[in-house]
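Right, one structure below, let's go through it.
The values are calculated or read from the model by the stated rules, or taken from the named source; none is laboratory data. Since the structure is predicted, the reported quantities are computational estimates derived from the model, not experimental observations. Glycine gets a Cβ as well: all are built from the backbone with ideal geometry, and neighbour counts include every protein chain shown. Surface accessibility is based on the protein's heavy atoms, side chains included, excluding ligands, DNA and RNA. Shrake-Rupley method; radii C 1.70, N 1.55, O 1.52, S 1.80 Å.
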Amino acid sequence: MAITTGGLVGREGVLAALLAHAHAAAGGAGRLVFLGGEAGVGKTAVAGALMTEVAASLQVRRGYCDSVTTPAPLGPLADAVPELAGLLDDAGLDPVRLFRRLHAALTATPTLLVLEDVHWADEATLDLLRFLARRLANVPLLIVATYRDDEATGDHPLVALRGDLATVPAAGQLTLEPLAADAVAELVAVAGADLDPVALHRSTGGNPFFVTELLAVGGDRLPATVRDAVLARAARLSEAARRVLDAAALLGPRTRLPLLLAVSGEAGDAVDECVGRGMLVAEGPGLSFRHELARRAVDEALAPGARSALHAAALRIGRDRGELDDRRLAHHAVACGDLVSGREYAVRAAARAARLGAHREAAHFYRVAIEAGATAGADDAAIARLRGQLAYECYLTDRMAAAHAEHLLALSTWERLDDRAAIGRTRRWLSRLAWFLGHNDEAEEHGADAVRMLEPLGPSDDLAMAYSNLAQLRMLAGDVEGTVRWGSRALDLARAVGAAEVEIHALNNVGTVRWSASGSPEGRTQLVRSLDLALAAGLHEHVARAYTNLGSAAALRRLYAESETHLRGGIKYCEERDLDSWRLYMTAWLAGTLADQGRADEAQRYVDEVLRQPVLSPVARIPVLVVAARLAARRGADAERALDTAAQLAAGTGEGQRIVPVASARAEAAWLAGRPRAEIAASVTEAAVAAARSSAWELGELAWWASAGGAPIDLDDDPVAAPFALMLTGAFAEAALEWERIGAAPWRALCLGLVPDVPAAREGLELATAIDAPALRDALLRERHARGLPLPRPPRASTRQNAFGLTLREVDVLTLVADGLTNAEVAQRLFLSEKTVGHHVSALLRKTGEPTRARAVAAALRSGLVRPT
């Protein structure tokens, strides 16, 4: 692929980089490149040059996003993969299956896919980009997505997408900068213009589109703005050509020739004049402006009367000929004042967008329909139904406050109309949304009102879900009895009326509280049943919720292997379907599970992955901040900032499942840092203890830290988990055995460190070092001193002076590893558990700075720490 820039001045480096990616893609190394820069900087020109260069070796596909009206769901892909465009109207094809079909079509042969202006892309297109980017390994596909970096800022969806893909190896970024002064001078020379290149560069800032527009105007004086330059060129057209240009501006960046002629009412020679004067560009069967900035300049100059007439013509002709989709028909109808048609087309456009996963766009069209319907005098019930549909789209896009507000407006209508079924349904939704917003009292009130309103109406799906909603609220509050009572009623009714989704929801609620609180096998069975039913029905969010609760409940019960299995399975499921909110929440729990086992480096990687996200819900932020704080505290680093943020967020929820872990982590951090005992005890708040009483494990941990702070709590005969019960009685050797069986290395190290026997204490201190918890080691030495227990001797000079600072035990392990022994064989030789040997191996890898056992052995041999056998 030789580089021939085709007149692209100052863009050779960026084009060369893209060509290198194209060459790699042709060989099966797929990549996504975001090509950014300001409007007019030349992104489209560079993409066009790339397409020309690679046309012989890659199939070239191109799709466009535009801002004329709300983006079409997957519109760019309909442009780029026209053979599959019909699938967008297949109501039986869910987005994930559609994405897989698109992926197969794009990777069947080596392909370049250019998507223009993705800062205007719809939600479904951005989801597809995320889907494709995560599946580019070993496929022959290069995606170049251009965007305006001055528009994609802050909370723009494209910012979130780029953040999500920051760790994906196949995703990258290139940026086009404005032209340098010498490049502008070159363009002036090529054009043969009698203009001062320095003044031109200063007035345009080196923007290539601005430069070429001003050069095209000619003359001695530069227009004040690009808009003036575009309109100056347009003023030279005949009246007929100007009407064509106005119609083209109103119809959008690209339009088909027959539609343009019909809407403008002019003949083909007027179109030819626009093309000949460089105002429009012929692209296959259609025409487009040279740049969106030019289209906007012409569009904004349209007089109101002419604009309304053109919109009316576009509506009439587009509808009669079937050339415009519902979203464009809605746009033209509202713009020309036909609000009845506007509402009809907006509702249809919203339904299609929602089905394809473009929920932000669906919400926009429901707002258009509501406004048009209200102005046109639609009946109140129809408007209230639209508000409910709008609220659901807001809920799916994490805009809970907006969803809550729409349901409140709908509720006032339903109450005025005395539609009790609608009132009950709406109050149930308000209950769910109030919980998301942290208004737990309001959630309980709406939930109870929903049941009171629906029960007199007899059995129904709505009543079953209202029961299940109360069960979920009770579950989240840690109320086992209330969860089972309401959940059982929901299950009985759901099965009676055939409400399969409600049955799945209720099984999850009841199963979660039974298993996490008491370890009930029946609860676990119900949770697994909920997962199986959700998988069979393809209910993605219910599947994710089941995986989450299976994994988190197992983690709370310290069943680490089972927890990892469910969490990793759920994360994989969510990655394949781009359910990122659930994926991140489960990743936070997985990090906690790993930290509990002493696998600090693995846990930290997952913590970093979650915290890198630009937008993170409170329910995911709280657990990951708790894990981050625990890891930092064990390493002797500052944990207070993370704990303060987590505590503030947890207090806002009012839920024990958020409050208790923060309290435990704060107490641990205070103890590790050697703070006064009163400060340790103060971390164990009354609210946390009250919330923990339904869980023997959580209550046990809080009881231990309260005891460590010198302020034991009254357990009121509430049971605590066995290891903590042993610790509270001072049976540390027995507790250490329990923690070893469970696989919780930090707790085992703590217990061994408090055993009076010095060899056991030394093993605990070495284990703390092995799991990268030096603060735990120091805290145990302080605690032994305070308790009057004998202190193990400090490391020998040979340990302090060896090349890597390995302990004697770590040297023993490394020597046996160098002899070729497995972890199990090392454990047998040294009379240690295999898990403890694993921790020592992890520690020596960290200290030697080597990634593998073999590399660590080689480094030790070079240093003379071990001798070759």
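Annotations
- Filter result for the condition that a residue is in contact with a strand residue (DSSP E or B) (Cβ under 9 Å, 6 or more places away or on another chain) and of a type in the set (D, E, K, R), over 12, 38: 38
- When residue 32 is tested against (1) buried (at least 22 other Cβ atoms within 10 Å of the Cβ); (2) part of a loop (DSSP other than H, G, I, E, B), just one condition goes unmet, and that condition is (2).
- For the stretch 701-708, the criterion of being modelled with pLDDT of 90 or more, surrounded by fewer than 22 Cβ atoms within 10 Å (Cβ to Cβ) and not in a helix (DSSP H, G or I) is met by none of the residues.
- The stretch 598-631 - residue that is without any contact (Cβ under 8 Å) to a residue 24 or more places away in the chain and of a type outside the set (A, V, I, L, M) and, of those, farthest from residue 436 (Cα to Cα): 602
- Residues of the stretch 834-858 classified as buried (at least 17 other Cβ atoms within 10 Å of the Cβ) and either of a type in the set (Gly, Ala, Ser) or within 19 Å of residue 760 (Cα to Cα) (or both), total: 9
- Test: residue 374 is surrounded by fewer than 18 Cβ atoms within 10 Å (Cβ to Cβ), free of Cβ contacts under 8 Å to residues at least 40 places away in the same chain and closer than 30 Å to residue 438 by Cα: no
- Looking across the stretch 347-357, just one residue is touching a residue at least 24 places away in the same chain (Cβ under 8 Å), farther than 12 Å from residue 72 by Cα and either open to solvent by less than 10 Å² (accessible area, probe 1.4 Å) or over 24 Å from the mean Cα position of the chain (by Cα) (or both), and that is 347.
- Residue within the stretch 117-126 that is open to solvent by 60 Å² or more (accessible area, probe 1.4 Å), closer than 24 Å to residue 396 by Cβ and among the hydrophobic types (A, V, I, L, M, F, W, C) present: no
- Helices (runs of 4 or more DSSP H) fully within the stretch 555-640 that include at least 3 residues being under 18 Å from residue 773 (Cα atoms) and open to solvent by less than 20 Å² (accessible area, probe 1.4 Å): 580-596, 600-611, 618-635.
- Of the candidates 748, 782, the single residue that is modelled with pLDDT of 90 or more, of a type in the set (D, E, K, R), within 45 Å of the chain's Cα centre (by Cα) and within 21 Å of residue 842 (Cβ to Cβ) is 748.
- Pairing each residue of the stretch 249-268 that is free of Cβ contacts under 8 Å to residues at least 24 places away in the same chain and surrounded by fewer than 19 Cβ atoms within 10 Å (Cβ to Cβ) with any residue that is in a helix (DSSP H, G or I) and among the small types (Gly, Ala, Ser), provided the two are 6+ apart or on different chains, yields C-beta distances under 7 Å for 261/268.
Each row is one residue, and each column tells you yes or no for (1) hydroxyl-bearing (Ser, Thr, Tyr); (2) at pLDDT below 95; (3) more than 28 Å from residue 654 (Cβ to Cβ).
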residue: 490; (1), (2), (3): no, no, no
residue: 497; (1), (2), (3): no, no, yes
residue: 513; (1), (2), (3): no, yes, no
residue: 516; (1), (2), (3): yes, yes, no
residue: 521; (1), (2), (3): no, yes, yes
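- Subset of the stretch 62-110 (residues that are part of a loop (DSSP other than H, G, I, E, B) and within 24 Å of residue 331 (Cβ to Cβ)): 65, 66, 67, 68, 69, 70, 71, 72, 73, 74, 91
- Flag for residue 154 being open to solvent by less than 40 Å² (accessible area, probe 1.4 Å), over 28 Å from residue 333 (Cβ atoms), at pLDDT below 95 and of a type in the set (Gly, Ala, Ser): no
- Residue check for residue 291: closer than 15 Å to residue 255 by Cα, open to solvent by 30 Å² or more (accessible area, probe 1.4 Å), touching a residue at least 60 places away in the same chain (Cβ under 8 Å) and of a type outside the set (A, V, I, L, M): yes
- Flag if residue 360 is open to solvent by 50 Å² or more (accessible area, probe 1.4 Å), out of contact with any Gly (no Cβ under 6 Å at 6 or more places or on another chain) and at pLDDT 95 or above: no
- Of all positions in the stretch 301-317, none carries a residue that is under 38 Å from the mean Cα position of the chain (by Cα) and not hydroxyl-bearing (Ser, Thr, Tyr).
- Conditions (1) open to solvent by less than 30 Å² (accessible area, probe 1.4 Å); (2) assigned to a helix (DSSP H, G or I); number of the one not met by residue 734: (1)
- When the helices (runs of 4 or more DSSP H) confined to the stretch 188-274 are screened for residues that are in contact with a Phe, Trp or Tyr (Cβ under 8 Å, 6 or more places away or on another chain) and more than 15 Å from residue 298 (Cβ to Cβ), those reaching at least 1 such residues are found at 197-204.
- For the criterion of being without any contact (Cβ under 8 Å) to a residue 40 or more places away in the chain and crowded, with 17+ Cβ neighbours inside 10 Å, residue 670 passes.
- For the stretch 417-455, a residue qualifies if it is open to solvent by 50 Å² or more (accessible area, probe 1.4 Å) and not in a helix (DSSP H, G or I), and the qualifying residues are 418, 419, 437, 439.
- Sole exception among (1) modelled with pLDDT of 90 or more; (2) under 25 Å from residue 297 (Cβ atoms) for residue 73, by number: (2)
- From the list 544, 517, 471, 534, the lone residue that is surrounded by 20 or more Cβ atoms within 10 Å (Cβ to Cβ), touching a residue at least 60 places away in the same chain (Cβ under 8 Å) and touching a helix residue (DSSP H, G or I) at 6+ places or on another chain (Cβ under 6 Å) is 517.
Yes/no per residue for (1) modelled with pLDDT under 80; (2) in contact with a helix residue (DSSP H, G or I) (Cβ under 6 Å, 6 or more places away or on another chain); (3) closer than 19 Å to residue 768 by Cβ; (4) not polar (S, T, N, Q):
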| position | (1), (2), (3), (4) |
| --- | --- |
| 800 | yes, no, yes, yes |
| 818 | no, yes, no, yes |
| 841 | no, no, yes, yes |
| 869 | yes, no, no, no |
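- Residue in the stretch 293-306 that is part of a loop (DSSP other than H, G, I, E, B) and more than 20 Å from residue 238 (Cβ to Cβ) present: no
- Scan of the stretch 35-64 for residues that are within 14 Å of residue 119 (Cβ to Cβ) and open to solvent by 10 Å² or more (accessible area, probe 1.4 Å), ordered by number: 38, 39, 43, 44, 64
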